[in-house]
1. How many residues does the stretch B:241-276 contain that are of a type in the set (A, V, I, L, M, F, W, C) and out of contact with any Leu (no Cβ under 9 Å at 6 or more places or on another chain)?
2. Which of the residues belonging to the stretch B:196-228 are in a helix (DSSP H, G or I) and surrounded by fewer than 20 Cβ atoms within 10 Å (Cβ to Cβ)?
3. Restricting attention to the stretch B:109-126, which residues are of a type in the set (Ser, Thr, Tyr) and at the interface with chain A (Cβ under 9 Å from one of its Cβ atoms)?
4. Looking only at the stretch B:127-153, how many residues end up being at the interface with chain A (Cβ under 10 Å from one of its Cβ atoms), farther than 22 Å from A:MET135 by Cα and not in a loop (DSSP other than H, G, I, E, B)?
5. Select from the stretch A:102-157 the residues that are acidic (Asp, Glu), touching a helix residue (DSSP H, G or I) at 6+ places or on another chain (Cβ under 7 Å) and within 24 Å of A:THR83 (Cα to Cα) and list them in ascending order.
6. Which one of A:GLY155, A:GLY189, A:GLY185, A:GLY198 is away from every other protein chain (no Cβ under 14 Å), over 18 Å from the mean Cα position of the chain (by Cα) and part of a loop (DSSP other than H, G, I, E, B)?
7. List every residue pair whose Cβ atoms lie under 9 Å apart, where the two residues are 6 or more positions apart in sequence or sit on different chains, the first residue falls within the stretch B:81-100 and is within 14 Å of another protein chain (Cβ to nearest Cβ) and within 18 Å of B:VAL134 (Cβ to Cβ), and the second residue, located anywhere, is part of a loop (DSSP other than H, G, I, E, B) and of a type in the set (S, T, N, Q).
Amino acid sequence: MATASNTDRVRRGGFHPIEAVTGAISDVGGAVVDWITALGDVILFALRTLAWLTTRLPRKETLLPSFYTIGVESLPVVALTGTFIGMVLAVQSYDTFRFLNLETRLGAVINLSLVRELGPVLAATMLAGRVGSAMAAELGTMRVTEQIDALTSMGANPIHYLVVPRFLGCLILIPMLTVMADFMGVVGGYFYSVIILGIDSHHYWDNSKKFVGNFDVFSGMAKSLAFGAAIALISCHRGFNSRPGAEGVGRAATTAFVYSFVVILILDLFLNIGINALYSTLWPEGGQQFI
Amino acid sequence: MRSQISDGSRYFESRELLCCELGDEEKLQDAFLSGLIEIMSKPSADSKAGPIVSVRDVHVNFGRNPVLRGINFEVPRGQTLVVVGESGCGKTVLLKSIIGLLTPNQGEVLFDGQTLNKLSDRELTRQRTRFGFVFQQAALFDSLTIGQNVAFPMKEHTDKSDKEIQETVLARLAEVGLPENVIYKKPAELSGGMRKRVGLARALVLNPELMLYDEPTTGLDPIMSDVINELILRTRSRYPVTSIVVTHDMHTVQRVADRVLMFYPTSRLKPSEPQIIYDGSPREMERSRDSRVTQFVRGEAGERLMEMQQLSEARSR
């Protein structure tokens, strides 16, 4: 349609405002329809994965390799970024807190933001970049070289065989990666604040203990579960629907990361709203004591 | 006479029609006899009832482009059917609709009297073990070794011990002429011809009733192509199997086919013309009255070159 109207326009050599407006409306409509179709497709994909999850689990031989790539191989990079984000937090907030003579509160600020926010989001981002795009590229290559069709033709369900292990791997291992990011962030923050900036160690920990509760640590881990599920589903879906050729597989890998990252941030916002609401219903008198 | 060969009667009738068109009494008799001999020589053809595959008025569209348009045919048990046609005429799409990887936009494909797309997941999985599919690029799993690849269908669908599986795998690989030490290699370490043969061994491992070959000789040298043709023939003599081979290699057609279907791309057809432009024996193909068929057999570009010239002239104008 679009190309036809374009050639008409070229032939007649003029600009037609009515055509331009109707064309724009139909383009917007088309984009909305495409978007809703894609969303529905992802949701169906997720439901199918969940259905397989409840009927029959994959064999150990298919589970363990994907657990290894998702969990063990992601550990170093998650630990490294965690350490640095802890130190960066110390550097960024030190001046302000020193101005207020509240340096020892730095422990609370750093550790609270780590366990509530930065640990889970950082672990999820690293997982999306390291594992998500690799999964999309691998499954995309399998789609393009007919390996997914081969699985189906041999009576093996591709979702059960390829998606469920990756989904379980992300879901089970992301909380552990989050704990790793949290821990290394705490170590990094402590190292910079206490050893480099010379803040008193006792008060640093004392303030941390006062303001960081179990609820904060576990709500962060709970959030990460949602991130892990989103990463696995989005990346596998991108791979399964990869377009042919090297370009198609490359696009599947990059869109897997971009979509995962966007969804992580959107989920983060809504989960935080939900978690705060939960906190104030559980401890109505407590609220946020800090600052 | 005819009632005895009800199973293959459709095949026979198509030949009869073809010869009637030619109006040649002698040819009609020849075709009758050769058809009869072929049908009688295959005991499996009339021992079970009904065709193993029937394709009924199948339409498949990609976006707005029709790829298959009103395809109708049946494959009796034990027959080796070769589907030919130029690239893009929908041969691979046909294979994928037969195995249920694609759902036709209209019409249905029956396998042993049942529509695959209407079956439950569990039943569909069970039915799929009765198929063997040899993919164009072999489609071996990169992450598994050759041994694990060939063992894959058995691990999925049988409770056999590892030792039994290993024995079957080695036997199947030997049948396709591959040495034992190949089982520890990864697909990337093998040549194209070896990968194709592994693909064939994997497709055969569960003793399927229907073998589907997607361009089995494409991309192989002439010697390896002949090896693959020979393997298709041996498979048929060793197991009671029905085969559908999609190819554009006329050597394959001449060596393995009992019956040939020729498809034509819908983009080059008028709306009223049928998409199957030839249905008969490989020998009759060359003598077809349809110039599109004979040009394909001889590999002549004919009108296509004229079209190219017209296009370039139209552009330069």
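1. Residues that pass the stated criteria total 4.
2. If the condition is that a residue be in a helix (DSSP H, G or I) and surrounded by fewer than 20 Cβ atoms within 10 Å (Cβ to Cβ), then B:PRO222, B:ILE223, B:MET224, B:ASP226, B:VAL227 are the ones that fit.
3. B:THR125
4. Looking only at that region, the number is 7.
5. Selection gives A:GLU103 alone.
6. It is A:GLY198.
7. From residues that are within 14 Å of another protein chain (Cβ to nearest Cβ) and within 18 Å of B:VAL134 (Cβ to Cβ), the pairs are B:THR92/B:GLN136; B:SER97/B:THR103.
Yes/no per residue for (1) of a type in the set (A, V, I, L, M, F, W, C); (2) farther than 20 Å from A:VAL115 by Cα; (3) at pLDDT below 95:
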position	(1), (2), (3)
A:GLY189	no, no, yes
A:ILE195	yes, yes, yes
A:ALA229	yes, no, no
A:THR281	no, yes, yes
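The values are calculated or read from the model by the stated rules, or taken from the named source; none is laboratory data. Since the structure is predicted, the reported quantities are computational estimates derived from the model, not experimental observations. Don't worry about glycine lacking a Cβ; one is built from the backbone with ideal geometry, like all the others, and counts go over all protein chains shown.
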